[in-house]
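All of the numbers you see were taken from the coordinates with simple rules; none came from a lab. Computed from a prediction, not measured in an experiment: that's the story for all the values here. Here Cβ is always computed from backbone atoms with ideal geometry, including for glycine, and neighbour counts include all displayed protein chains.
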Amino acid sequence: MTAKEAANTIKAKFGDLITEPLEFRGEVTITLADPQQIAEVCRFAKSIGFNYLVDISSVDNYGDDPRWSVVYHLRSIVTGVEFRLKTDVSEEKSQLPSVTSVWRTANWHEREIYDLMGVRFSDHPDLRRILMWEGYPYHPLRKDFPLAGKPTDLPGVAFSRITPMAGGPFVTVAGGPDSTAREPRVRVPEDEAAELNARRENEPLPGHALEPGETK
């Protein structure tokens, strides 16, 4: 069974709830109109051979409604065929059923989406944060969450400050003498960059001491 055949089989089962298969660069995607049916659709997909849940990811369509897209990457271990199943969830609801009853591995995938995006999964056996600490008030993968982070002061829990990165956090610098100069975690203000790079250019090679007046 090819990915497109699998998608058509699912569409034949669920009718108008499933869109026509969309193929792009050899990858097939179908979209489920009613997110409340996601567990049932996934259960059927597993019954026709897609017994491996590769991943569940989420997309923040900030500014659009519905805001959230939840994407399930399904594979047949026997044939290696994969396809993608998507469904959209409104910001107002921000919840859809868990698929842990279909694949136990969904447990941590759903916890990560809940933690970083804020989408909840009903009937999840242990829906709690997996990366951020309990009590953290934000969901850092949302598009309206600043790249530098937000100051957080929770007595007895944790404290964090905004990431002090000049010139924009998590943005590498084009060029530069080496990867260290381009690495965003060692960024320096632009007025110091020239001096820093000049100093690096004149650093001696390992095991070689510069003579007076000599440059590297």
- Which three extents, in whole angstrom, do the alpha-carbon atoms of the range 68-127 cover along their principal axes, largest first? 39, 22, 17
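Beyond 22 Å, what share of the Cα-Cα pairs of the range 3-139 remains, rounded to the nearest whole percent? Don't skip to the answer; put the middle values down first.
Working: 3312 of 9316 pairs.
Every Cα pair in the range 3-139 considered, those over 22 Å come to 36 percent.
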- Query: What full-extension length gain, to one decimal in nm, is calculated for Asp34 and Val54 as 0.36 nm per residue of separation minus the Cα-Cα distance?
  - Reply: 5.0 nm
- Among His124, His109, which comes first, then next, by fewest other beta-carbon atoms within 10 Å? His124, His109
- Quick calc, the range 3-139, dipole around Cα centre from Cβ unit charges on Lys, Arg (+) and Asp, Glu (-), nearest 20 debye, gives 460
